[in-house]
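Let me begin by presenting the structure, written as structure tokens, before commenting on it.
Bear in mind these aren't lab numbers, they're just calculated from the coordinates by the rules spelled out. All values reported here derive from a predicted model rather than from experimental measurement. Cβ placement follows ideal geometry from the backbone for every residue including glycine, while neighbour counts extend to all protein chains displayed.
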């Protein structure tokens with residue numbers, strides 16, 4: 001290929017689709033007549049017809065090698081080395097580079113060029129793959145031409161049960177454009193296999209999950225968060241209980257990538273919400289080898305183990321966003337992961353004062369897991385905007401609500417003793433004289449999300465009471 | 001040909017290994033599939049008798065023709081009812 005380029009003389013790269021190239025075609029013709037000019041055309045081999053010996057670069061190999069970004073580009077070579085280059089049409093520059101005066105007298109002084117075809121989105125990645133310049137280290141899996149890629153991926157066990165986007169090299173390269181991080185950086189070791197999750201491996205799974213490149217930093221932060229020791233991802237996966245990682249996103253990234261914090265925030269229909277949560281689960285499945293009925297011993301599991309990710313509705317809230325409450329600076333983008341499951345609705349369309357609404361919330365919270373359990377699991381309370389308004393109008397801070405809920409979740413031990421209320425489940429008789437709280441201190445987390453209409457908040461139940469022995473929520477900054 | 005990047009830890013070979021053969025047929029149900037090759041039924045019937053003499057549960061199945069893959073309902077039935085399958089591939 002290198003031999004195709006002249007050691008000495010001029011090289012021009014053009015395309016018919018560029019008005020500046022069309023305008024400069026007579027000048028190229030004149031230079032060609034003088035000799036020492038090679039013209040490569042990117043789109044139409046019959047262009048420019050002013051140059052009889054023009055060369056076909058519709059495959060874009062020469063353009064890629066010369067790293068052309070704008071057409072027309074004019075380059076001078078001497079002794080096999082590039083010694084000068086100009087973009088677009090600029091008479092003075094062209095005269096300087098060619099050493100010929102009076103070029104294109106009837107043309108304007110200068111006109112900018114157009115984007116080159118070899119750097120168009122989609123084309124550049126294809127060229128990098130073709131010339132083996134991707135730097136990607138993952139094993140290549142060849143799918144036969146008569147084989148259905150979807151079926152091949154299912155057969156290899158890569159899927160969570162739904163179709164996947166095939167992780168071609170081009171798509172993975174584009175995905176990696178979404179982060180400034182080194183593709184070979186190890187984000188952590190994914191249980192149960194404790195296999196290294198490189199940025200590249202996570203990007204492959206993000207492609208399969210349906211992520212756009214701009215979602216990747218959020219997916220990376222979510223992976224980093226679940227791999228934090230205190231989240232205990234191995235246990236969250238291996239438990240017979242329902243839980244999986246729930247991802248809550250805070251900060252400006254939510255709006256930049258179009259996440260849903262409003263109506264149906266916990267439901268279907270938003271690509272970023274759906275794909276980021278799914279990417280995290282695919283990382284656990286494919287890198288970590290965490291699969292149901294293997295190390296994942298869940299009795300029932302929950303539908304959120306396909307994907308469970310939403311944004312907090314920070315706009316219009318009187319409360320601190322969750323990530324700020326957990327120590328990050330306001331305006332910083334962050335994810336918080338919580339080992340949770342399902343959604344238990346709290347329907348209260350009547351309470352108009354915060355005391356009544358807090359009692360309503362607490363009553364529902366006390367039923368979590370089992371009415372006979374205390375201290376029980378942690379809980380993530382998702383407060384809808386109409387319920388939040390009641391607290392806001394009464395001047396209740398989030399801290400105030402935490403305190404009230406904790407107080408309202410004190411339960412007489414007698415109610416919790418095994419056999420009490422006709423339920424065998426429960427604690428030892430010694431509880432009878434005590435008061436027990438449903439939650440450990442700090443066992444409730446509150447976020448605000450949901451549509452503007454409807455007095456329907458929700459509780460996402462947690463695993464066993466969060467502690468160093470089980471799973472604690474983890475917050476990580478979203479890094480570019 | 002499509003080339004995909006491996007999303008896994010790469011601890012397993014790219015080609016899926018065959019399921020391991022059982023150490024013994026004790027306690028298993030053996031399916032005997034006649035693919036409709038001539039005299040295959042004679043051979044398989046005798047094989048079935050020999051297995052049954054050893055106290056092994058045997059179920060017999062037959063493909064309508066050897067020229068096409070087994071119909072899906074038959075494949076599903078076999079997969080649901082037996083642990084291993086023996087078939088006679090040629091005349």
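Mind jotting down the distance between the C-alpha centroids of the range A:322-371 and the range A:116-170, whole Å?
42
How much mean residue ellipticity at 222 nm does chain A get from its helices, if each DSSP H run of length 4 or more adds -39500 (n - 2.57) and you divide by all residues, to the nearest 500 deg cm²/dmol?
Details: 15 runs with 133 residues, N = 480.
That calculation yields -8000 deg cm²/dmol at 222 nm.
Roughly how many whole Å is it from the C-alpha centroid of the range A:69-105 to that of the range B:21-86?
78
Going by C-beta contacts inside 10 Å, put A:200, A:294, B:23, A:214 in order with the fewest on the left. Please list the in-between numbers first.
Details: A:200 22, A:294 11, B:23 6, A:214 16.
If I rank by nearby Cβ atoms, fewest first, I get B:23, A:294, A:214, A:200.
Residue A:185 to residue A:399: FRET efficiency via 1/(1 + (r/R0)^6), r the Cβ-Cβ distance, R0 56 Å, to the nearest 0.05? Walk me through the intermediate numbers first.
Details: r = 38 Å, r/R0 = 0.67.
Step by step, r from the Cβ atoms, then E = 0.90.
Report, as an integer, the average count of C-beta atoms from other chains found within 10 Å of each Cβ along A:139-152. Let's see the in-between values first.
Numbers: counts 7, 5, 9, 5, 4, 2, 2, 1, 2, 1, 2, 0, 0, 2.
Mean inter-chain Cβ contacts per residue within 10 Å come to 3.
Between residue B:45 and residue A:120, with labels modelled 7 Å along Cα→Cβ, what's the label distance in nm to one decimal, could you check?
According to this spin-label approximation, the distance is 6.9 nm.
Using only Cα atoms and rounding to the nearest 10 degrees, what angle (0 to 90) does helix A:398-408 make with the longest principal axis of chain A?
Approximately 30 degrees, to the nearest 10.
Please compute the length gained on full extension between residue A:389 and residue A:351, using 0.36 nm multiplied by the number of residues separating them and subtracting their Cα-Cα distance.
Working: separation 38, 0.36 × 38 = 13.68 nm, distance 1.14 nm.
Contour length minus Cα-Cα distance gives 12.5 nm.
Using a Förster radius of 51 Å, what is the FRET efficiency between residue A:300 and residue A:58 based on their Cβ-Cβ separation? Nearest 0.05, please. Provide the component values of the computation, followed by the final result.
Details: r = 57 Å, r/R0 = 1.12.
That pair, residue A:300 with residue A:58, gives E of 0.35.
Ignoring solvent entirely, what values of log10 I(q)/I(0) come out of the Debye formula for the range A:2-120 at 0.10, 0.14 Å⁻¹ when each Cα is a single scatterer?
Each listed q corresponds, in turn, to -0.24, -0.49.
What's the angle, to the nearest 10 degrees (0 to 90), between helix A:354-366's Cα axis and the longest principal axis of chain A?
Value to nearest ten degrees: 90.
Using the number of other C-beta atoms within 10 angstrom as an exposure proxy, rank A:126, A:278 with the fewest first. Don't jump to the answer; show the numbers that get you there.
Details: A:126 17, A:278 24.
Listing A:126, A:278 from fewest to most nearby Cβ atoms yields A:126, A:278.
Based on the alpha-carbon gyration tensor of the range A:410-480 and its eigenvalue square roots a ≥ b ≥ c, which shape applies: rounded if a/c is under 1.5, prolate if not and a/b is larger than b/c, or oblate?
Details: a/c = 3.18, a/b = 1.72, b/c = 1.85.
Verdict is oblate for the range A:410-480.
Would you mind getting the Kirkwood hydrodynamic radius of the range B:29-87 from its Cα pairs, rounded to one decimal in Å? Intermediate values should be presented prior to the final figure.
Values: mean 1/r = 0.0857 Å⁻¹.
With all distinct Cα pairs of the range B:29-87 included, I get 11.7 Å.
Report the full-extension gain for the segment residue A:78 to residue A:425: residue separation times 0.36 nm, less the Cα-Cα distance, to one decimal in nm. Before the final figure, lay out the partial values.
Working: separation 347, 0.36 × 347 = 124.92 nm, distance 8.78 nm.
Full extension of this stretch gives 116.1 nm more.
Given R₀ = 45 Å, what would the calculated FRET efficiency be for residue A:109 paired with residue B:16, taking r from the Cβ atoms and rounding to 0.05? Please report the intermediate quantities before stating the final value.
Working: r = 66 Å, r/R0 = 1.47.
It comes out at approximately 0.10.
With 10 Å bins from zero, work out the P(r) of the protein assembly as shown over every alpha carbon pair and list the percent per bin.
Answer for the protein assembly as shown: a P(r) of 3, 14, 17, 15, 15, 14, 11, 7, 3, 1, 0 percent.
Return one number: the angle in degrees, 0 to 90 and rounded to the nearest 10, between the long axis of the Cα atoms of helix A:271-282 and the longest principal axis of the Cα atoms of chain A.
Result, in degrees: 80.
So how do A:68, A:276, A:444 line up by other beta-carbon neighbours within 10 Å, fewest first?
Values: A:68 28, A:276 31, A:444 22.
Placing the least packed residue first, the sequence is A:444, A:68, A:276.
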